[in-house]
1. First measure r as the distance between the Cβ atoms of residue 18 and residue 60, then evaluate 1/(1 + (r/R0)^6) with R0 = 25 Å and state the FRET efficiency to the nearest 0.05.
2. Give me 174, 141 ranked fewest to most by other Cβ atoms within 10 Å of their Cβ, as a rough exposure proxy.
3. What residue among 190, 203, 163 shows peak mean-square fluctuation when the chain is described by a Gaussian network model with Cα springs under 10 Å?
4. For a quick check, take a GNM of the chain with Cα springs below 10 Å and name the residue from 259, 72, 42 with the largest mean-square fluctuation.
5. I need the shape label for region 153-309. Rule: rounded when a/c is under 1.5, else prolate if a/b > b/c, else oblate, with a, b, c from the alpha carbon gyration tensor.
6. Nearest 500 deg cm²/dmol is fine: what mean residue ellipticity at 222 nm does the chain get from its DSSP H runs of n ≥ 4 alone, each adding -39,500 (n - 2.57), divided by its residue count?
7. If the viscosity is 0.692 mPa s and the temperature 37 °C, what Stokes-Einstein diffusion coefficient in µm²/s follows for region 70-126 when Rh is the Kirkwood radius over Cα pairs?
8. Please compute one quarter of the surface area of the Cα convex hull for the chain and express it in square nanometres.
Ligand code: SF4
């Protein structure tokens, strides 16, 4: 059995991207809620951090629960964070809940964002750059994510500088790729992708961070497809796997390595990939020639085969 991705992978991923039904999938993505803030970067950051923090589980539930948070936040996310009633952080979103994420944790998040903007007037891009600035290419991105996660946990790069103690479980919402176990930090990587990539549907608001440095936000769908496209053989969904998949994608597009992330994630989310051999679905799949379930196998005769879709 050949190892590594098929030589056709780059061409087929570009075909997937070209044909991808973005208007169908964007409304299912938390990124849809950020589109209205393209001209208000600080509000986009606030809504982006809130949306990415709860981006776990079923897409419909995420959209419902995000909608409830945004209703409470109101039309001016930046203004709310800058004048947030800090003594109300425990009750501000009460009785909201999304899976294991509680209202008091989301209230603390707004409080921390307010502290962060006081400490770093350049916003979260400044924080990210401060964490990544002095490091070499291999560590630059993880340094930025580490700084971002510390500021969301503590309001500052230094722990213990806030008057307000976080509620139980709060700091665990913002893992660092440098923590023991080297977590994949999917939600922080998703947020940074939204802010940095210059092409729609991403917002491209952080102009001083190079899209070439981005790493893949590794959700369960992207991991499954990446394994079956032989971008990784690793069994853990952790930071080394993020790095390995990103390196594989960087060989296909060094300037914009995670350009295919939205299409790959939503191929899984929308049910376009059954995650088993099903010719009715796989016959239309642009990356079928590269997928381990089909690579080297004859395709069934009939209207869908054996031509390349
Ligand atoms: S060929 Fe089928 S199983 Fe493989 S990635 Fe495409 S849809 Fe999924």
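Quick note: the coordinates plus some simple rules give every number you see, no bench work behind them. Just so you know, these numbers come straight off a predicted model, no measurement behind them. So basically every Cβ, Gly included, is an ideal-geometry build from the backbone, and we count neighbours across all protein chains shown.
1. Values: r = 27 Å, r/R0 = 1.10.
It comes out at approximately 0.35.
2. Numbers: 174 21, 141 25.
By the 10 Å Cβ count, ascending, the order reads 174, 141.
3. Checking each option, the largest mean-square fluctuation is seen for 163.
4. 72
5. Prolate is the answer for region 153-309, as a/c is 1.5 or above and a/b outweighs b/c.
6. Details: 13 runs with 141 residues, N = 309.
Taking each H run of at least 4 residues, the total per residue is -14000 deg cm²/dmol.
7. Numbers: Rh = 11.8 Å.
D, rounded to a whole number, is 278 µm²/s.
8. Values: hull surface 64.5 nm².
Mean projected area of the Cα convex hull: 16.1 nm².
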